[in-house]
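A short worksheet on the structure shown next.
The values are calculated or read from the model by the stated rules, or taken from the named source; none is laboratory data. Treat the numbers as computed from the prediction; the structure is a model and nothing was measured. No Cβ is skipped: glycine too gets one built from the backbone with ideal geometry, and neighbour counts run over all protein chains shown. These accessible areas exclude ligands, DNA and RNA; they are computed on the full protein's heavy atoms, side chains included. Shrake-Rupley method; radii C 1.70, N 1.55, O 1.52, S 1.80 Å.
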Amino acid sequence: MNRYIILTRIMLKNLNLLNLRPVKSGKSNIKRILITLLIFAAFLPMMLGIGNLAMSGYHVLSEIRQEGMILGIGFSLSSLAVFFFGIFYVMSFFYYSRDIESLLPLPLKPSEILLAKFTVTLFYEYLTEAIFLAPILTGFGIASKAGPVYYLYSILLFIALPILPLIYASVISMSVMGFTGLAKNKDRFRIVGGIAAMILAVAINTYITKLGSSSMSARELQELLEQGNNSYVKTMSGIFFSNRFAVMALLNSEALKGFVNLILFVLICILFIMLFISLGESIYFKGVAGMSEASAKRRMFSEMELERSSKQKPTLSAYTIKELKLLFRTPAYFMNCILMNFLYPVFIMLPLLIQPDEMKELQTLGTYIEDGRGSAVVLAAAFGISAFITSTNGIAASAISREGSNIFTCKYLPVSYKTQIMAKALSGISMGVVGTLSMLLAAAAFLPVPAYLLLLSAAAGSFGIVFSSFAGILIDLSFPKLIWDNEQKAVKQNFNVVLNMLISILIPGIPIFISIALRFTVWMTFLAIALIFGILDLLLYSILSTAGVRLFERIDA
Amino acid sequence: MIELVNVNKSYSGIVKAVDDLTLTVPEGQIVGFLGPNGAGKTTTIKIITGVLTPDSGSITINGIDIRERPLDAKRQFGYVPDNPDMFLRLKGMEYLNFMADMYNVESSLRMRRIQELSESFEMEAALNDQIQSYSHGMRQKIVIMGVLIHDPSVWILDEPMTGLDPKSSFTLKEMMKNHAAAGKTVFFSTHVLEVAEKLCDKVAIINKGKLMFYGTMDEIREHFRSNESLEKIFLELTENE
Ligand SMILES: Nc1ncnc2c1ncn2[C@@H]1O[C@H](COP(=O)(O)OP(=O)(O)OP(=O)(O)O)[C@@H](O)[C@H]1O
Ligand SMILES: [Mg+2]
């Protein structure tokens, strides 16, 4: 137990959760704090909105004495989010993390390492919860004029809620990763394993939502709701079954019943933790051992291979190809930056295949598109989506951060910083193109979009792709996150990526809004986008080649 | 030729890592850079290669100022950093070609060099695998090969012999001798005093960022009026007051 606490403390210290702890003393820390505040400020409207929604929802639902639904939905969605993010977090903290190598030789039980890592992951989940669940709990509390016991219970539940979903995520990831010990090519298997875990998560997710929607007909639901007395809460079940105890605890916080439910909830958590530990003791190390092994063939190269690979390439393209190779071959980068670009068609098709009814609605959407106004909206949307897709892959916004402690290599190579910046931007742009194209093609397969509109969308999209990539690398040049101990942190826990996503939604949103509000035609929309973003892209290009280069020079290696 | 004039560098304004260092590494010579742990060797080398910016002072390589014409200066040297763990997901062959592309080495020339170098360092069978799968010494070798592939006139090597097996170490030392004999520059840091004693035309000894001594082996002996080994002299020189 003691060693568990020590381990957890060290890991948390290393984690630098909010990016706030100074890494090196100096002025850049003020920037760091500012940007963190900025991002919280960006989330604030959303949190206030959610809190507001919970309050007004309370007033409506308390009329029919079903106010527990608010908490029920809040807990369910939070659990789902925790579970989904948990898959990624567990992969990165339990397996991809570099500290594993130094922990394995120490006389520690697998469960001690596992539990410490689990705790650290929990802290990340609290961040997720803080944005979503905290406003709901607070909003509900204010609306129901709850007493101090309610808030005390809320805090306890806030802390305990992610445990169950995170255990599910851990068990799934650990089972998948348990097989990597058997695989020959570990990197590739880890990538496949990651994909498998993700698809499993999506499948479970769809399954749960389907259960929720179809197990009860509309009439049954209405009858249930008419019973009042928070009857809805009693039907909560499924894999997050214990959430109903959490809701009951809060609804009856002033009564003994609430306390009993709270205890029940906590007991279930403890039980699951114990199961998790005993399971982890046997399967965790199977996946971890040999994490750093790489496959090697030790095969002589042939004359021909030598000749083929030794073709001289221009510096810019050689550098870009190197960036892409690293992105494709590093499991953490592949999962976060590359994979999604190819999966968009799957995500579009999957729901449609599951629910064929919606295909019909799409046909109506088709006639809407053929109408001139509709196509203008489609064009604007395609443009916005292209910028957004490019920002979500995070390649440009983490291009400098990903160098990590190897940033010094950028400094002694005889390649100008401008070329290096452009090569990094190009790697983001090229994957943005892949993502946008796969999205457009998937859309074209299901929607009767005329060819000219597709081409126009691709053309407009290219402005968005370039914009997002340039903006991303400019952000990363300003606040590079170079100190990390596992690659996942460079891309996933990097606020630069989030910031770029916000920018890539907000700024392209302006012409979209204008063209819809002013009822632009397709061509006017296209012209507006091309003009505004043509200029913006050029502007960013010149900023990158001047100020961007200076920022790169100043990065301490 | 490498010239440092009054170079200063402190980390976060507190630790003075390099203290008013003036040093000229002439052409046609091998210069060893010695000093205890934390003396400032790596820092100095990083300043020369443009990885770190000095607080003050000037650095020229073959007469080209690294801060005024950084790209031209960087084309003059090849640099082996103290830690070879980089570009781990590239295959050895891809890394060599990447370096060759960065230094604009022409195709047929690089092909010949890849063949020669992989032979002398016995790396032919490893070039098809990712650097991640290499041992420490193999990583060291691939980084050295990445430098030699563009045949720079100035070699700057930070503890290059660490982890090399006897044969590779011997190969590298021979290469360094040949390079200097061809009138070019070799500057390397090491902790192995025997290597320095046998290999170097001159040694520079640094302690706490300050240059304690710079001269040939003979000068060193003369200076200390002794026939002591370099080890004794080194220990005396760098002893904490
Ligand atoms: N990134 C850094 N941040 C702060 N201080 C540093 C950093 N790198 C080195 N130092 C400090 O600078 C001084 C010189 O370090 P340097 O790495 O140049 O020594 P060295 O001579 O190469 O040592 P070694 O023989 O161990 O390689 C030391 O006091 C060290 O603590
Ligand atoms: Mg050193």
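Quick one: in region B:37-68, of everything that is near ligand 1 (Cβ under 8 Å from one of its atoms) and in a loop (DSSP other than H, G, I, E, B), which residue is nearest to the other protein chains (Cβ to nearest Cβ)?
Filtering region B:37-68 down to residues near ligand 1 (Cβ under 8 Å from one of its atoms) leaves B:37-46.
Now restrict to residues that are in a loop (DSSP other than H, G, I, E, B): B:37-40.
Numbers: B:ASN37: 19, B:GLY38: 17, B:ALA39: 19, B:GLY40: 16 Å.
Checked region B:37-68; the qualifying residue nearest to the other protein chains (Cβ to nearest Cβ) is B:GLY40.
Which ones in region A:125-145 are open to solvent by 10 Å² or more (accessible area, probe 1.4 Å) and within 21 Å of A:PHE88 (Cβ to Cβ)?
Within region A:125-145, A:TYR126, A:LEU127, A:THR128, A:ALA130, A:ILE131, A:PHE132 meet the criteria.
Of the residues A:LEU161, A:LEU122, which single one is closer than 22 Å to A:SER242 by Cα and open to solvent by 10 Å² or more (accessible area, probe 1.4 Å)?
Working: A:LEU161 fails: open to solvent by 10 Å² or more (accessible area, probe 1.4 Å).
That would be A:LEU122, the only listed residue that is closer than 22 Å to A:SER242 by Cα and open to solvent by 10 Å² or more (accessible area, probe 1.4 Å).
Out of A:LEU71, A:LEU80, A:LEU37, which single residue is over 22 Å from the mean Cα position of the chain (by Cα) and assigned to a helix (DSSP H, G or I)? Give the derivation first.
Working: A:LEU80 fails: over 22 Å from the mean Cα position of the chain (by Cα); A:LEU37 fails: over 22 Å from the mean Cα position of the chain (by Cα).
Selected residue: A:LEU71, the only one of A:LEU71, A:LEU80, A:LEU37 that is over 22 Å from the mean Cα position of the chain (by Cα) and assigned to a helix (DSSP H, G or I).
Of these, A:SER398, A:SER430, which one is among the hydroxyl-bearing types (Ser, Thr, Tyr) and buried (at least 24 other Cβ atoms within 10 Å of the Cβ)? Break it down stepwise before answering.
On the way: A:SER430 fails: buried (at least 24 other Cβ atoms within 10 Å of the Cβ).
Going through A:SER398, A:SER430 in turn, the sole match is A:SER398.
Which residue out of B:ALA182, B:ALA204 is small (Gly, Ala, Ser) and more than 16 Å from ligand 1 (Cβ to nearest atom)?
Working: B:ALA204 fails: more than 16 Å from ligand 1 (Cβ to nearest atom).
One residue alone meets the criteria, B:ALA182.
Against the condition more than 20 Å from A:TYR319 (Cα to Cα), in a helix (DSSP H, G or I) and within 8 Å of chain A (Cβ to nearest Cβ), how does B:GLN140 come out, does it pass? Explain how you work it out, then say what you get.
Working: more than 20 Å from A:TYR319 (Cα to Cα): yes; in a helix (DSSP H, G or I): yes; within 8 Å of chain A (Cβ to nearest Cβ): no.
No: the conditions fail for B:GLN140.
Hey, could you check region B:121-162 for residues that are open to solvent by 10 Å² or more (accessible area, probe 1.4 Å) and of a type in the set (A, V, I, L, M, F, W, C) and say which is nearest to ligand 2 (Cβ to nearest atom)?
B:MET161
Restricting attention to region A:273-281, does a residue exist that is closer than 30 Å to A:MET91 by Cβ, surrounded by 12 or more Cβ atoms within 10 Å (Cβ to Cβ) and modelled with pLDDT under 70? Outline the logic, then answer.
The initial filter retains those residues of region A:273-281 that are closer than 30 Å to A:MET91 by Cβ, namely A:273-281.
Filter once more, keeping what is surrounded by 12 or more Cβ atoms within 10 Å (Cβ to Cβ): A:273, A:275-277, A:279-281.
Filter again for modelled with pLDDT under 70, leaving none.
No, because not a single residue in region A:273-281 is closer than 30 Å to A:MET91 by Cβ, surrounded by 12 or more Cβ atoms within 10 Å (Cβ to Cβ) and modelled with pLDDT under 70.
For the subset of region A:297-322 comprising residues that are more than 8 Å from chain B (Cβ to nearest Cβ) and open to solvent by 80 Å² or more (accessible area, probe 1.4 Å), which member is nearest to the chain's Cα centre (by Cα)?
Of all residues in region A:297-322, those more than 8 Å from chain B (Cβ to nearest Cβ) come to A:302-304, A:308, A:316-317, A:320-321.
Checking which are open to solvent by 80 Å² or more (accessible area, probe 1.4 Å) leaves us with A:303-304, A:308.
Details: A:GLU303: 45, A:MET304: 43, A:ARG308: 39 Å.
It comes out as A:ARG308.
Considering only region B:106-120, state which residues are crowded, with 21+ Cβ neighbours inside 10 Å and either in a loop (DSSP other than H, G, I, E, B) or facing chain A (nearest Cβ under 7 Å) (or both).
B:ARG110, B:ILE114
From the list A:SER391, A:SER405, which residue is within 14 Å of chain B (Cβ to nearest Cβ) and modelled with pLDDT of 90 or more?
Working: A:SER391 fails: within 14 Å of chain B (Cβ to nearest Cβ).
Exactly one residue qualifies, and that residue is A:SER405.
I need the full set of residues from region A:468-510 which are open to solvent by less than 10 Å² (accessible area, probe 1.4 Å) and over 19 Å from A:SER427 (Cα atoms), in order please.
Of everything in region A:468-510, those that are open to solvent by less than 10 Å² (accessible area, probe 1.4 Å) and over 19 Å from A:SER427 (Cα atoms) turn out to be A:ASN486, A:PRO508.
Six or more apart or on different chains, Cβ atoms under 9 Å: show the pairs whose first residue is in region A:434-453 and at positive phi and whose second is modelled with pLDDT of 90 or more and hydrophobic (A, V, I, L, M, F, W, C).
Between residues of region A:434-453 that are at positive phi and residues that are modelled with pLDDT of 90 or more and hydrophobic (A, V, I, L, M, F, W, C), there is no close pair.
Of the residues in region B:6-36, how many are within 14 Å of chain A (Cβ to nearest Cβ) and either within 16 Å of ligand 2 (Cβ to nearest atom) or touching a helix residue (DSSP H, G or I) at 6+ places or on another chain (Cβ under 9 Å) (or both)?
Final tally of qualifying residues: 4.
Residues checked against (1) assigned to a loop (DSSP other than H, G, I, E, B); (2) at negative phi; (3) free of Cβ contacts under 8 Å to residues at least 60 places away in the same chain; (4) open to solvent by less than 10 Å² (accessible area, probe 1.4 Å):
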{"residue": "B:VAL186", "(1), (2), (3), (4)": "no, yes, no, yes"}
{"residue": "B:HIS191", "(1), (2), (3), (4)": "yes, yes, no, no"}
{"residue": "B:VAL195", "(1), (2), (3), (4)": "no, yes, no, no"}
{"residue": "B:LYS198", "(1), (2), (3), (4)": "no, yes, yes, no"}
{"residue": "B:ALA204", "(1), (2), (3), (4)": "no, yes, no, yes"}
{"residue": "B:ARG221", "(1), (2), (3), (4)": "no, yes, yes, no"}
{"residue": "B:GLU228", "(1), (2), (3), (4)": "yes, yes, yes, no"}
{"residue": "B:GLU231", "(1), (2), (3), (4)": "no, yes, yes, no"}
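Whether any residue in region B:69-90 is free of Cβ contacts under 8 Å to residues at least 12 places away in the same chain, more than 9 Å from chain A (Cβ to nearest Cβ) and either among the hydroxyl-bearing types (Ser, Thr, Tyr) or more than 15 Å from A:PHE301 (Cβ to Cβ) (or both) is what I want to check.
yes
Does A:THR521 count as more than 21 Å from the chain's Cα centre (by Cα), at pLDDT below 90 and not acidic (Asp, Glu)? Show your work before the answer.
Details: more than 21 Å from the chain's Cα centre (by Cα): yes; at pLDDT below 90: yes; not acidic (Asp, Glu): yes.
Taking the combined requirement at face value, the residue satisfies it.
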